[in-house]
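Below you'll find the structure, written out as structure tokens, and then a few comments.
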Amino acid sequence: MILAMRKAGKEYITDGSRVAALRDVSLEAAAGEMIAVVGRSGCGKSTLLHLAGAMDFPTSGTVAIDGEITSDLADAALTRLRREKVGFVFQSFQLLNTLSVVENVELPLLLAGMSRTRDMAVERLSWVEMDPYASRMPWQLSGGQQQRVAIARALVASPPLLLADEPTGNLDNATGDTILALLRRIANERGAAVLMATHNQEAAAIADRIVLLRDGAVAGID
Ligand SMILES: Nc1ncnc2c1ncn2[C@@H]1O[C@H](COP(=O)(O)OP(=O)(O)OP(=O)(O)O)[C@@H](O)[C@H]1O
Ligand SMILES: [Mg+2]
């Protein structure tokens, strides 16, 4: 199992009062599977994704990525886990505007100290059909094209787990649908487990499972 959440909970304490952002969420994702997390604003979708990506830790229960329990790991092991096992895609793309398209995709590899990274970056761009745009700047691209570059960047280290927080939230419906189809293809062809928070109606048709959150708890799995 790529991702295994067992009764994962997350409580925040603000101004002395407790907020349960996530309650006893149990969820598994296998290779090649695409799971959509849905629910109204504030139900805990982003919190769930942050726990699933070891960007944050549960205050109860456990989260395991490829068999490793995130809250058991020391800093160096966590850095390696995030770098090798998890790709993250954001609603707002978050490309660096001072770097070209291919440099954006290459950056995670350079930060990891790898050499001869250009070929890998160009190959990932070809996965999302953006290799002809390798030398453009991000601000010279449409929103949908920027998101495809961001997906290539998330996939550059071939992580088994791809997390996406409302990846179509800043795009028009038609463009959003092509991004969902692309994520579906990444799951099918590259074997990644894809977990995404979304409000897109197409998600229901395209995902293997829909997890409905209500007040931080799983209210239904379809
Ligand atoms: N750092 C934090 N400190 C305190 N409370 C937080 C924090 N982050 C999130 N919360 C609370 O946790 C709950 C879940 O938030 P979360 O961001 O996961 O919701 P969401 O489903 O992603 O919402 P949206 O659809 O608006 O993005 C909310 O009640 C929110 O106010
Ligand atoms: Mg959110």
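Restricting things to alpha carbons, tell me how big region 80-129 is in terms of Rg and Dmax, in Å.
11.2, 30
For region 90-125, which trypsin sites (Lys or Arg not before Pro) pass both filters: DSSP loop (anything but H, G, I, E, B) and at most 10 other C-beta atoms within 10 Å?
The qualifying sites are 116.
Once you wrap a convex hull around the alpha carbon atoms of region 1-92, what is its projected area averaged over all directions, in nm²?
Averaging across all directions leaves 6.9 nm² for the Cα convex hull.
Relative to the longest principal axis of the C-alpha atoms of the chain, give the angle of the C-alpha long axis of helix 118-127, reported between 0 and 90° and rounded to the nearest 10°.
Helix 118-127 and the main axis of the chain meet at about 70 degrees.
What are the aspartates and glutamates whose alpha-carbon lies under 14 Å from the alpha-carbon of residue 10, with same-chain residues fewer than 8 places away excluded?
24, 56, 215
What GluC sites (Glu not before Pro) does region 54-154 have in DSSP loop regions with at most 15 other beta carbons within 10 Å?
Here the GluC sites (Glu not before Pro) that fit, given the DSSP loop and packing criteria, are 129.
Can you give me the Cα centroid spacing of region 2-24 and region 162-177 in angstrom?
A separation of 26 Å, based on Cα centres.
Heavy atoms only, probe 1.4 Å: what % of the accessible area of region 1-86 goes to carbon and sulfur, would you let me know?
With neighbouring chains kept in place, the figure for region 1-86 is 48 percent.
Please give the direction-averaged projected area of the C-alpha convex hull for region 119-222, in square nanometres with one decimal.
For the Cα atoms of region 119-222, the hull's average projected area reads 7.2 nm².
How big is the equivalent ellipsoid of region 125-184 along its three axes, where each semi-axis is √(5λ) from the Cα gyration tensor, reported in whole Å from largest to smallest?
Largest first, region 125-184 gives 17, 16, 10 Å.
In nm, what is the difference between 0.36 nm times the number of residues separating residue 137 and residue 97 and their Cα-Cα distance?
13.7 nm
What value, in deg cm²/dmol to 500, does the helix sum -39500 (n - 2.57) over DSSP H runs of n ≥ 4 give at 222 nm once divided by the residues of the chain?
Helix contribution divided over all residues of the chain: -10000 deg cm²/dmol.
Could you give the spread of the C-alpha atoms of region 3-221 along their three principal axes, from largest to smallest, in whole angstroms?
That gives 49, 40, 36 Å along the principal axes, largest extent first.
The values are calculated or read from the model by the stated rules, or taken from the named source; none is laboratory data. Computed from a predicted structure; not experimentally measured. Neighbour counts run over all protein chains shown; Cβ positions are idealised from the backbone, glycine included. Calculation scope for accessible area: heavy atoms of the full protein, side chains included, ligands and nucleic acids excluded. Shrake-Rupley method; radii C 1.70, N 1.55, O 1.52, S 1.80 Å.
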